[in-house]
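Asker: This structure is in structure tokens; I'll ask about it shortly.
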Amino acid sequence: MPELPEVETVRRTLTQLIVGKTIQSVHVFLPRIIQRPDDIKRFELELAGHTILEIGRRGKFLRIVMDGLVLVSHLRMEGRYGVYQTGDEVEKHTHVIFRFTDGTELRYKDVRQFGTMHLFAPGEEFTQKPLAKLGLEPLETSFTAKAFQEVISRRSTKIKPVLLNQEYIVGLGNIYVDEALFRAEIHPEHPADKLTKRQLERLHTAIVDTLTEAVDAGGSSIKSYVNGQGEMGMFQHSLRMYGREGEPCLNCGQPVVKTVVGGRGTHYCGKCQPPYRTSPKPRAAKQTPDEF
């Protein structure tokens, strides 16, 4: 957490709240959040005077686009943004404050302290870490069934770790991979390169539908996620598989199983998502002595 739907919801919220505002000053209270530049004072000074033009997203990363700069922000586990009035009490775990000329502030809070920020010249962010090697965007028109199949069919590992790999497809995390695999009736340990064309088509559709529905619902508030206005997402009420260990499958009634795949807790239905079985090798014909 947060995954693509949650980050997209934050993007849309921040678009409403801060686009058009000009930064007066920046204050960093936890230097390790800032990954680029490595000089915190330079980070603070460079942002002062710039106006926010657009809030973009690449995978799970936010792109705060300004006149002459782009700030790439990764929320990681529990990072969150909120807009406050200057003078409001600063809450615990607030690590960066962007003060605007209109008397409001954008504050970044992160209990786990795993979030990161990188500052670039416009366009440079796509050629440098952390955005340089990201894969297909599942909610873009370029994410066609053909493009998806070309990426997946080359991988011989289990399908769940493949879907979690951000170099192949961006934005998918544990929640939405479990949901999409269930909808597509594919076992999370099925070898990616052994999926049939029909299975890949089902999975492609399931990924797009799951993410679209989650974005429309404002994401899933499983732990501490809220959008930029402090509002919870609602898609957790629509989850069919994730977090339902031992509960009846909504399709067949069998208990939902939880296991570990690729080091991640994984939920699936043993009946609706049968494991992949290799075809048994044909037995060699029994040889008999030649008759004379």
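Asker: Within the chain, which whole H helices from DSSP have a Cα span along their axis of at least 24 Å and a mean Kyte-Doolittle hydropathy of 0.5 or more, if any?
Answerer: none
Asker: How big is the stretch 86-129 in terms of Cα radius of gyration and Dmax, in angstroms?
Answerer: My reading of the Cα-based Rg and Dmax gives 13.8, 39 Å.
Asker: Please compute the length gained on full extension between residue 45 and residue 245, using 0.36 nm multiplied by the number of residues separating them and subtracting their Cα-Cα distance.
Answerer: 67.0 nm
Asker: Loop-only GluC sites (Glu not before Pro) in the stretch 79-154, please: DSSP not H, G, I, E or B, and at most 11 other Cβ atoms within 10 Å. Numbers along the way, then the final one.
Answerer: Numbers: sites: 89, 91, 105, 124, 125, 140, 150; in loops: 89, 91, 140.
Answer in residue order: 89, 91, 140.
Asker: In vacuum, with every alpha carbon of the chain counted as one equal point scatterer, what does the Debye formula give for log10 I(q)/I(0) at q = 0.09, 0.11, 0.17 Å⁻¹? Two decimals, please.
Answerer: The computed values of log10 I(q)/I(0) come out as -0.50, -0.70, -1.33.
Asker: Leaving out same-chain residues fewer than 8 places away, which lysines sit with a Cα under 26 Å from that of residue 92?
Answerer: 21, 41, 60, 109, 223
Asker: Still on this structure, I have one more. Once both labels are modelled 7 Å past Cα along the beta-carbon direction, what's the residue 140-residue 102 spacing in nm?
Answerer: About 3.0 nm, to one decimal.
Asker: A further question on this structure: By per-residue mean of other Cβ atoms within 10 Å, what is the highest-first order of 243-255, 187-199?
Answerer: The packing order, highest mean first, is 187-199, 243-255.
Asker: Lys and Arg at +1, Asp and Glu at -1: add these up for the other residues within a Cβ distance under 11 Å of residue 251 and post the number.
Answerer: Taking every Cβ under 11 Å from that of residue 251, the sum is +2.
Bear in mind these aren't lab numbers, they're just calculated from the coordinates by the rules spelled out. These figures come from a predicted structure and were not determined experimentally. Here Cβ is always computed from backbone atoms with ideal geometry, including for glycine, and neighbour counts include all displayed protein chains.
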